[in-house]
1. For a footprinting-style exposure proxy, rank A:Tyr57, B:Tyr31 by other Cβ within 10 Å, fewest first.
2. Roughly how many whole Å is it from the C-alpha centroid of region A:333-364 to that of region A:273-305?
3. Where the centre of each part is set by its Cα atoms, how far does region A:29-86 sit from region B:79-107, in angstrom?
4. In a shell of Cβ-Cβ distance under 14 Å around A:Ile20, excluding A:Ile20 itself, what net charge do Lys and Arg (+1) and Asp and Glu (-1) give?
5. On average, how many beta carbons from a partner chain sit within 10 Å of the beta carbon of a residue in A:291-300?
6. For the pair A:Asn405 and A:Asn358, what calculated FRET efficiency results from E = 1/(1 + (r/R0)^6), where r is the Cβ-Cβ distance and R0 = 41 Å, to the nearest 0.05?
7. Give me the angle, in degrees from 0 to 90, between the Cα long axis of helix A:100-122 and the longest principal axis of the Cα atoms of chain A, rounded to the nearest 10.
8. State which entries of A:Lys21/B:Lys196; B:Lys63/B:Lys210; A:Lys91/A:Lys439; A:Lys91/B:Lys210; A:Lys21/A:Lys221; A:Lys21/A:Lys150 exceed 26 angstrom in Cα-Cα distance in the structure shown.
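Values quoted throughout were computed directly from the atomic coordinates according to the rules given, and no laboratory measurement underlies them. What you are looking at is a predicted structure, and each value in this text was computed from that prediction instead of being measured. FYI the Cβ positions are ideal-geometry reconstructions off the backbone, even for glycines, and counts take in every protein chain you see.
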Amino acid sequence: MPIFFILGIPFALALSALLIKNRKVLGLLNCLGYLAVLSFSVVLLKQIVLSAGTRSYPGFIYLDTLSVFFILVTSIVALAVALYSIGYLEKDIEEGRISERKARIYYLLFNLFCCSMLVVPAVNNLGILWVAIEMTTLISAFLVGFYNTKKSVEAAWKYIIICSVGIIFALLGTILFSYAFSISGLSKSLNWSDIAPVAHILDKDILKIAFIFILVGYGTKAGLAPMHTWLPDAHSQAPAPISALLSGVLLKMAIYAILRFGIITIKGVGFAYFSNLMILLGVVSLVISSGFILVQKDLKRLLAYSSIEHIGIIAIGFGLGTPLAVAGAALHVFNHAVAKSLMFFGAGNIVRVYKKHNLNAIRGVIKALPFTGIAVLIGVFVLTGFPPFSLFVSEMMIIISAFTNGAYLTGALLLLFLAVVFGGFIYHFGKMLFGNLPKGMVRVDEPLSTKIAFIFLFFPICALGIALLFVNKDLLWVAQRLLPR
Amino acid sequence: MKEIILFGILVSTYFMVIAKRMPALIRSFGYQSFFLFLATFAIAWGEDQPELYIICGLLFIIKVSLIPYLLYRITNKIKAGQDLGLIINSQLSLFCALGFTYLAWIFSARLFSSLNQSLVSMPAVAFFMVLTGLFLMVSRITALAQVVGLLVMENGLFLLASTVSGGMPFFVEIAIFFDVFVSVVIMGFFVYRINKLFTHIDVGKLSNLKG
């Protein structure tokens with residue numbers, strides 16, 4: 001039952017944005033709404049994991065551990081974004097960048113965006129999954145072009161066109177999957193719960209080709225290189241809270257879709273095929289993004305390329321496919337969502353005060369914005385996988401399983417490029433955070449809602465990192481349920 | 001009968017490839033959708049499925065009437081967008097399209113080897129449409145032409161779905177129609193915005209964001 005609340009509340013909030021005129025009430029309502037969504041998704045996770053089963057309701061909805069996990073990640077980031085948005089919009093209106101009416105449009109789009117992203121992991125039908133993912137593109141295109149400047153409209157256009165083309169290939173893949181299913185002599189269906197149990201009798205050649213299309217299609221949306229070109233533009237031009245949602249959750253939804261089809265492919269044609277493709281794309285993403293991170297001049301683009309890097313790590317983790325690696329990858333999905341939201345929030349505050357994105361022009365953030373500065377400093381260490389934060393744990397799990405499984409080259413490349421990215425991050429952020437304030441800058445205080453959002457995000461990062469040291473065994477137990485081998 | 005309809009789709013797609021101006025492109029897209037409608041109608045007639053008739057109706061309303069109408073409207077409002085801006089000229093484009101036809105045939109003959117020879121032509125045309133749509137998107141520089149290219153790809157997928165897997169489940173088909181319509185409206189909206197901000201819709205010149 002909680003799933004109906006999880007899907008219903010964002011939709012109701014979207015409607016309320018049309019009715020309620022007062023922006024402050026709306027902001028508060030959103031926070032409460034997403035707090036409720038988060039608590040329902042925790043309840044749901046508990047139900048599904050403890051009963052160790054799946055739950056399908058007649059019609060569209062099908063839930064298992066994998067889908068509930070992605071719902072949880074979405075709702076955490078959505079709550080943080082709802083909190084952060086209050087202060088962000090307040091400042092935007094003060095500075096005259098947007099009008100009161102536009103702030104309400106923001107809430108409408110934000111809620112519809114969240115709603116469509118929560119639908120993605122909950123649906124059973126693979127065709128509806130496609131429609132839901134395309135819906136996320138269409139809605140978020142408005143959010144990317146929200147400020148209606150030349151740059152943001154350009155980014156929105158590239159985003160909508162590249163992702164739409166990509167996703168057409170995903171539909172092609174979906175059709176081929178359904179063809180493979182229909183020629184196997186069973187009844188016509190696109191439901192995952194119908195296809196997955198009989199995946200082993202499906203035509204191998206068609207599955208192989210179909211999975212390539214799926215990987216290209218949803219991989220575009222996930223930001224896997226070399227289909228990532230829309231990502232830095234969209235992430236850098238969107239308002240900061242939306243960048244957090246795009247990077248933290250939207251990319252993961254595409255990964256979720258790839259995994260759903262991946263499970264069918266694994267059962268149908270064997271693990272090696274899936275594994276090789278995922279690891280290949282993962283490594284390519286890692287290599288390309290680390291290069292761009294080193295030479296980057298724009299703060300938000302830097303974070304966007306780091307998203308590509310982390311998506312690459314996640315793809316490698318799922319591609320390795322041992323329980324340890326899958327647990328690591330799933331954990332990495334969570335960690336990256338939280339850490340990257342934190343960094344985008346920080347970047348949003350910095351850009352607001354300095355009025356520029358250029359890394360070379362921003363100096364002395366810790367003096368100008370003490371709270372944000374320290375948060376970003378910790379965020380940098382979290383994001384680059386420093387112990388004791390939880391990203392370190394998840395990256396270690398992936399690297400260890402690469403070496404214990406004989407994937408030495410993958411493991412070595414992973415280590416090498418993680419080191420490169422670490423260097424790049426420390427170099428860029430070290431210059432930015434420390435150093436002298438530019439002339440005429442004064443110390444600024446952040447709004448309260450922003451601080452709460454930061455503290456809320458810190459909690460999962462720090463607490464999880466420590467808690468994970470004790471629950472490793474349970475985690476593997478859950479991971480074995482995520483991807484069948 | 002089926003062959004004539006498929007031939008119609010093929011020819012209207014060739015027309016799109018050689019079109020130099022927006023109205024011609026939209027008109028050919030209308031023809032293509034109309035032939036698609038006929039193909040679906042023929043399938044519905046043959047299999048006597050009431051659901052397919054509804055899909056036929058939707059196809060006619062959305063793809064044959066509404067979307068071309070919307071595209072015409074946008075083209076008329078933004079006068080800058082009349083010329084397509086061909087990166088590859090029309091003769092060369094036609095040769096490319098012929099090449100795609102051959103590739104699509106080979107690909108679908110290999111992939112659908114279990115189907116008999118006469119049935120392979122339908123997925124072949126479908127793959128041809130997907131390839132040509134992609135080609136149109138890459139080789140035309142105006143934003144509107146890219147939207148049309150996307151629609152051509154989508155038409156191709158519709159044909160593929162209705163032939164090889166006996167159509168998608170009914171509600172999925174409806175959802176996809178809705179989705180396509182919404183995406184055209186939204187892209188149209190962005191074309192307006194681009195035109196307003198940049199005073200052109202030349203996508204090749206959108207190069208503010210790099211690195």
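1. Details: A:Tyr57 13, B:Tyr31 18.
Placing the least packed residue first, the sequence is A:Tyr57, B:Tyr31.
2. 19 Å
3. Answer, in whole Å: 47.
4. Numbers: positive: A:Lys21, A:Arg23, A:Lys24, A:Arg101, A:Arg104; negative: A:Glu100.
That sum, taken over residues with Cβ under 14 Å, equals +4.
5. Working: counts 0, 1, 0, 0, 1, 1, 1, 3, 0, 0.
Average neighbour count from other chains, rounded to a whole number: 1.
6. Numbers: r = 43 Å, r/R0 = 1.05.
So, using R0 = 41 Å, E works out to roughly 0.45.
7. Approximately 20 degrees, to the nearest ten.
8. Details: A:Lys21/B:Lys196 29 Å; B:Lys63/B:Lys210 36 Å; A:Lys91/A:Lys439 22 Å; A:Lys91/B:Lys210 28 Å; A:Lys21/A:Lys221 35 Å; A:Lys21/A:Lys150 29 Å.
Listed pairs above 26 Å: A:Lys21/B:Lys196; B:Lys63/B:Lys210; A:Lys91/B:Lys210; A:Lys21/A:Lys221; A:Lys21/A:Lys150.
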